[in-house]
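Let me begin by presenting the structure, written as structure tokens, before commenting on it.
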Amino acid sequence: MATALRSKSFQRNLLLSIGGVFLLFAVCFSVYQYQREKEYKIDILHSRLQMYNYEMVQTLGEDSLTNARLFRDYVERHSMEGLRVSVIDKNGRVLLDSYDANVDSLSNHRQRREIQQALLDGNGYDIKRLSQSTHETYFYSATRFGDIIVRTAVPYSTELTQSLQADNTYIYFAIVLTLLLGIVLYLSTRRISRHIGYLREFAAKAKEGEQLDHELEQRLPDDELGDISHTIITLYWKLRHSEEEKVRIKRQFTQNAAHELKTPAASIHGYLESILDNPDMPEDKRKHFLERCYAQSERMNKLLLDMSALTKLDEMDDNRTRSRREYRPVDVLQVIRNVIDDTALQLQEKGITPILQMPQHVEVLGDQSLLYSIFRNLIDNAIAYANGATRLDIICRETEVEGRHFYEFTVSDNGPGVEPQHLEHIFERFYRIDKGRSRKLGGTGLGLAIVKNAVAAHGGQATALSTPGGGLTIRFTLARF
């Protein structure tokens with residue numbers, strides 16, 4: 001109910017805001033158009049009276065305008081209903097008037113609006129002013145000819161008032177158009193509000209942890225609003241699946257870690273128990289049991305170190321922005337050389353020769369210990385599992401992806417390789433191709449998982465491929481500094 005009320009409130013606010021702006025525009029436009037049309041009709045009447053003034057001057061001549069007889073003859077011949085004509089000098093004194101022959105009794109017209117405009121601009125008019133001599137309301141139009149002003153006036157009758165009023169037809173049209181647009185606006189805001197309501201309903205269910213389905217997503221519109229909503233929902237599903245995947249991985253990690261730790265712990269417990277229960281055990285056998293305890297403790301220590309490294313990587317993944325702020329420039333070539341130096345004895349024992357094909361300067365922005373762990377785990381993996389391999393190629397080249405520059409590394413051996421069905425799982429935690437053989441070789445099953453997560457922490461991706469001719473190739477990228 002609360003969601004529905006908020007949805008209606010949003011629709012009402014949107015409708016009132018947009019509708020209010022449009023209504024204000026319509027009112028302002030109507031007032032402007034009304035005034036404009038009214039002024040247009042007044043200009044027409046003013047122009048007609050101006051035409052009369054010009055025709056009279058052209059007929060009589062400017063020198064004969066003050067001739068009373070010629071003036072009255074012309075007005076009588078060209079009379080219009082209610083028309084009043086006056087001739088006024090530039091000082092405002094009435095020289096002739098068609099209504100009043102006794103012009104001396106008329107007041108000075110210098111301050112009349114139409115007279116002032118005529119003196120200033122050559123012509124002028126005044127609307128609906130009461131005549132002091134006839135006590136009637138007139139529309140006045142005056143024209144200046146040299147020092148003389150000819151003024152004509154028509155009574156401001158009901159007919160004239162109606163003719164000067166603006167046509168209200170466009171107002172009715174504007175009202176109808178406003179109503180139609182109001183209906184369209186209402187339907188549009190209702191549609192937007194309904195779809196926002198769907199998205200709010202989805203968000204409310206997600207917040208309360210209720211069961212979600214894809215029905216709400218299917219009801220979203222196929223437009224920009226729908227695209228935004230689909231993006232939000234897609235991000236939600238990705239986040240939810242990501243969280244679920246994290247929970248699954250952590251649960252599986254805990255179970256696998258417990259299982260992997262249980263085996264060496266049980267072995268150590270068994271050996272020590274045998275030593276304690278048999279105090280007269282021969283010295284060579286006791287020494288053998290202690291050596292086995294030490295080997296199993298080394299294996300547990302390696303497993304715990306690998307688990308600690310993965311935990312650190314998980315924490316970096318959750319705080320990726322903060323972690324990357326702590327990155328520093330790292331010389332990758334020097335890191336690889338350090339790893340090769342540290343594993344030189346094991347590589348020599350296995351008969352594996354490392355071969356580097358890299359530029360002289362390979363520098364990335366990252367964590368030096370993590371970069372060391374990437375190459376250390378890859379070389380350790382080759383030493384442990386690439387039986388019969390004679391070479392280990394480490395190749396680096398520059399590449400560009402979507403405008404970003406990367407270093408692409410490939411670490412390849414020429415050993416027996418990995419069957420294709422295992423390649424997509426090889427980076428999973430505790431994944432073993434041959435479980436029995438892997439434990440005998442002392443592997444923890446976490447080395448390549450550390451590689452993948454450490455590469456991801458540096459903005460890259462790792463993939464496993466079969467080396468042409470036999471062997472395993474690990475390809476990964478690191479963002480160029």
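The values are calculated or read from the model by the stated rules, or taken from the named source; none is laboratory data. Quick caveat: nothing in here was measured; it's all calculated off a predicted structure. Because the Cβ atoms are built from the backbone with ideal geometry, glycine has one as well, and the counts that use them run over all protein chains shown. These accessible areas exclude ligands, DNA and RNA; they are computed on the full protein's heavy atoms, side chains included. Shrake-Rupley method; radii C 1.70, N 1.55, O 1.52, S 1.80 Å.
Laid out as a table, the results:
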| quantity | calculated |
| --- | --- |
| First in segment 173-191 and in a helix (DSSP H, G or I), second anywhere and open to solvent by 70 Å² or more (accessible area, probe 1.4 Å) and at pLDDT 75 or above, Cβ under 7 Å, 6 or more apart | THR178/LEU23 |
| Checklist (1) of a type in the set (A, V, I, L, M); (2) within 28 Å of GLY469 (Cβ to Cβ); (3) at pLDDT below 90 applied to ILE355, failing item | (3) |
| Pick from segment 51-79, criterion open to solvent by 40 Å² or more (accessible area, probe 1.4 Å) and of a type in the set (Gly, Ala, Ser), ranking: farthest from TYR140 (Cα to Cα) | ALA68 |
| Residue ID - most open to solvent (accessible area, probe 1.4 Å), chosen from residues in segment 467-481 that are over 17 Å from ILE383 (Cα atoms) and free of Cβ contacts under 8 Å to residues at least 60 places away in the same chain | PRO468 |
| Segment 355-387: number of residues that are within 26 Å of GLY459 (Cβ to Cβ) and open to solvent by 30 Å² or more (accessible area, probe 1.4 Å) | 15 |
| Selected residue (criterion: most open to solvent (accessible area, probe 1.4 Å)) from residues of segment 388-405 that are farther than 16 Å from ILE474 by Cα and assigned to a strand (DSSP E or B) | ARG404 |
| Matching entry among GLY122, GLY82, GLY92 (being over 14 Å from ILE149 (Cβ atoms) and open to solvent by less than 80 Å² (accessible area, probe 1.4 Å)) | GLY82 |
| Selection status of LEU181, surrounded by 13 or more Cβ atoms within 10 Å (Cβ to Cβ) and either closer than 30 Å to SER86 by Cβ or modelled with pLDDT under 70 (or both) | no |
